[in-house]
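So the structure is just underneath, and the comments pick up after that.
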Amino acid sequence: MKPISVFIVDDHKLFREGIKFALSKKEGFEVIEEASNGSEFIEKIKAVTPDVVLMDIDMPKVNGFEATQFALEHKPTLNILVLSMHADQGHYLKMIELGVKGFILKDSGTEDLLQAITEVSKGNNFFSQELLMNIILKKNDSPTGKALAEKLDISPREFHVLELLCQACSNQEIADKLFISPKTVEGHKAHLMQKTGTQNSVALVLYSIKNHLINL
């Protein structure tokens, strides 16, 4: 089975070396490229298409936001997993709007990192549980829960799709659980994004958790 190819983008050499060492100890993962800043990444990503990009945010020359924007404009299907610090919370929505697949905290354990890379390589979303809790605790003062669902006119079937999406289920898993087709799942997700004013699945999940549409 082909290993999951990984491109590491971080300005700290020791951190990159640590990730490479951790991945080298596990079967099924391969670091194919690395960059110490966004500018270097932009040049190198033109020649390779990894399964997952591990992207730092705060870097010299070109930061992670600018590098991600460039990469996804030129390779829209690229799976980018953001390496995040708690101080990066102000960047979450900005990166999500660009189309990243998820976030993992830099102080996460090896098993969490491997799980995150594996999920994102499949095109799924992944969020560090600690990060999700931070988002949940930053509550919104707008109408929440049932009142907001009614205000947005979210149907019972759309709500079921949303619940499963927030549980990190893939389109196929949602389809199997609800006995519908993956295409129908995509249709429900499109309606939900339109009703909530979100741009992609990751933003939809964050919106739903933050506004207590879904209780995890």
- Query: What accessible surface, in Å², does a 1.4 Å probe find on H91, ignoring ligands, DNA and RNA and rounding to the nearest 10?
  - Reply: 70
- Using θ = phi - 60° and Karplus 6.51 cos²θ - 1.76 cosθ + 1.60, couplings along the stretch 69-78 (whole Hz; Gly, Pro as x): 4, 4, 4, 6, 5, 9, 9, x, 8, 5
- Task: Return the Cα extents of the chain along principal axes one, two and three, sorted largest first, each rounded to a whole Å.
- Result: 50, 39, 32
- Query: Of all the accessible heavy-atom surface of the chain, with the other protein chains kept in place and a 1.4 Å probe, what percent is carbon and sulfur?
  - Reply: 52
- Task: At 1.4 Å probe size, with every protein chain present, just tell me what the per residue accessible area of the chain comes to in Å².
- Result: 51
- Non-local residues with an amide H under 5 Å from the amide H of I4, with H modelled 1.01 Å from N and Pro and chain starts lacking one, are F29, E30
- Message: I need the peptides 165-174, 2-11 ranked by packing, meaning the mean over residues of other C-beta atoms within 10 angstrom, with the highest value on top.
- Response: 2-11, 165-174
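The values are calculated or read from the model by the stated rules, or taken from the named source; none is laboratory data. Predicted, not measured: the structure shown is a model, and the values here were computed from it. With ideal geometry, Cβ positions are generated from the backbone for all residues, glycine too; neighbour counts draw on all protein chains shown. Note: accessible area is taken over every heavy atom of the protein model, side chains too, but ligands, DNA and RNA are not part of it. Shrake-Rupley method; radii C 1.70, N 1.55, O 1.52, S 1.80 Å.
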